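Quick notes on the structure that follows.
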Amino acid sequence: MISRVVIAQNTYPQDYFQAPLDIPMQLSGNFGELRPNHFHAGFDFKTLQREGLEVRAAADGYISRIKISTFGNGKAIYINHPNGITTVYCHLQKASGEIEEFIKKAHYREQAFEIELFPKANELEVKKGQIIALSGNSGSSEGPHLHFEFRDTKTEKVINPLFFGFDKNFKDTKKPVVSAVYVYPLNGTTVNKSKRALPLNLRLQADGTYLANKVLANGPLGFGVSAVDYDNVSMNRNGVYKVQSYLNGKASFGYQFDTYSFDEMRYVNTLIDYERYKKSSQRIQKLFMQSPYDLSIIKTDSDYGIIKLQPNLNLTYRIEVADYFGNTTIITVPIAFDTSSSIIEGEKPIGNYFVKAKKDNIFSKDNMTATFSAGTFYEDFTMNFAVNGNVLTLHDDTVPVHKNFEIAIESNQYTDEQKSKVYIASLGSNGKLGYNSTSVNANVYTTRVRTLGKYTLAMDTTVPVISIAKPIEGLWISNLKTIQLSISDSGSGIKSYNGYLNGKWILFEYDSKTKKITHYFSDGIVAEGANELKVVVTDQVGNSSTFQTTFYRSQK
């Protein structure tokens, strides 16, 4: 039986931490929200749809980690606090004061924009309420906001921010909205004359609960629910805090978003009906496990939420979906045994190779091999494995993958000089190639990936493109604060970029969303009068382009 450690919410300090922003808190994303390949690890605070708001330390402590990345959390600051909690601030525009100076020195010391730093406890101490940064839109952010987390410093498990008194900053009197309840026939069961998953009609009752139409089945089945939550202020669709099912009054399967580890994040892909999500973008949260998995937030009975029917026995199934504030939506589903034959048959497997999730699997044909170690997949399934010409088909991306697997392709069509430009590419439905880091030994190319689909060998001999919107060659640009260039690559993608001013390395900040790099003259490298700029951009397989120009600038 999988159980959940009960979190005593009153063990967390209620008035120790302050809000990181001076404006009223409004959420664009909450803790535990279902995201692609992960559960959301904190709060996303709205920042008035703009950048540059002051971000404050939530409590006394010291900056223990700084990570600057072009993707993910972008510019992020971590603060360790004396009470064993770490707060995290992400998608920042820039740090403030001595913190920004510390970061800038590291950029120039390491000659890189993407860096990760671990300051000592006495290097960057901060006080509660101190301005540590300005809010931004860096990394994979889809709009200006502040991502804010609480973590246990020792275990690095993320913790629901509402446990720290932040619930007092929100008003929420709205029940979660359940948009769909699905019933899943398992192991050949017929449910309401169908062997495929079906949505149930829900009828609002006088007491505010919902009653589903009766489920008639002849074997094991499970249920799933799609639900979102709203508060009284932000009007954003947020994730729900708790889902719990009951069978004849006894707890069957449930989870609530209190705390979890980063190692568990990817289990979101088996908690949801992943195939339906990939085909329709609808996230149905399954309330059962066909193959048990180790997600600590789940508490389940000995049948893992699967309902087993017997003749002449009626059952009552109840689903409760709640937010943190106790607002609850209740759905009751009557279930009865029925031997009616199916009208809608189950979907036939499209594959030709049976994969056992808990065992190693190796499939090989012609010059291509795919190796899946035990635990690569969550459940057994029939895989479509095929080789057609130079394309390897590994089913499709409707089956979730938990960990990396290996692809090997043997080919003698490339010369020794060409081999360094060759990689195993993901082949999209539109024919677009995606780069995967590839090694070559003799004539065998290998890569490790975490998505099923089509793969092929590709060779990239095109160089990156570097351009400037307004040429500055021979011009005086004393009034400009920055130099900005656009960089792109149509092949394997950009790996590195380096700028040099009068022979000295200079920092260019890269924004992956706009594909622009920016140098700030405030870094103090620019010379009085003539300046020679050189920028070198290299792609993933070593093709390089160089941009050079001369400009003039006065600092007076």
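Between 153, 87, 173, 189, which is touching a Leu at 6+ places or on another chain (Cβ under 6 Å) and among the polar types (S, T, N, Q)? So that I can check it myself, show each step before the final result.
Details: 153 fails: touching a Leu at 6+ places or on another chain (Cβ under 6 Å); 87 fails: touching a Leu at 6+ places or on another chain (Cβ under 6 Å); 173 fails: touching a Leu at 6+ places or on another chain (Cβ under 6 Å).
The conditions single out 189.
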**Report entry** Selected residue (criterion: surrounded by the most Cβ atoms within 10 Å (Cβ to Cβ)) from residues of region 474-502 that are within 20 Å of residue 423 (Cβ to Cβ) and hydroxyl-bearing (Ser, Thr, Tyr)
**Finding:** 492
Query - Counted residues, region 89-138 - those being modelled with pLDDT under 95 and within 11 Å of residue 67 (Cα to Cα) - result: 0
Query - Selection within region 106-142 - surrounded by fewer than 19 Cβ atoms within 10 Å (Cβ to Cβ) and at positive phi - result: 111, 129
**Report entry** residue 74 being small (Gly, Ala, Ser), out of contact with any Gly (no Cβ under 9 Å at 6 or more places or on another chain) and at pLDDT 95 or above
**Finding:** no
Query raised in the report: Does any residue of region 222-234 turn out to be surrounded by fewer than 20 Cβ atoms within 10 Å (Cβ to Cβ), among the aromatic types (Phe, Trp, Tyr), touching a residue at least 12 places away in the same chain (Cβ under 8 Å) and within 25 Å of residue 14 (Cα to Cα)?
Result: yes
**Report entry** Options 530, 469; residue that is loosely packed, with under 14 Cβ neighbours inside 10 Å, modelled with pLDDT under 95 and outside the structural domain of residue 115 (by TED's automatic domain parsing)
**Finding:** 469
Query raised in the report: Given the residues 146, 162, which is the only one that is part of a strand (DSSP E or B), outside the structural domain of residue 497 (by TED's automatic domain parsing), aliphatic (A, V, I, L, M) and modelled with pLDDT of 95 or more?
Result: 146
Requested in this report: State yes or no: is residue 298 crowded, with 19+ Cβ neighbours inside 10 Å, at pLDDT 95 or above and farther than 30 Å from residue 158 by Cβ?
Outcome: no
Requested in this report: Kindly indicate which of 386, 357 is under 27 Å from the mean Cα position of the chain (by Cα) and on the phi < 0 side of the Ramachandran plot.
Outcome: 357
**Report entry** Candidate set: region 243-275, residues that are more than 18 Å from the chain's Cα centre (by Cα) and charged (D, E, K, R); chosen: the one nearest to residue 301 (Cα to Cα)
**Finding:** 250
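The values are calculated or read from the model by the stated rules, or taken from the named source; none is laboratory data. Predicted, not measured: the structure shown is a model, and the values here were computed from it. FYI the Cβ positions are ideal-geometry reconstructions off the backbone, even for glycines, and counts take in every protein chain you see.
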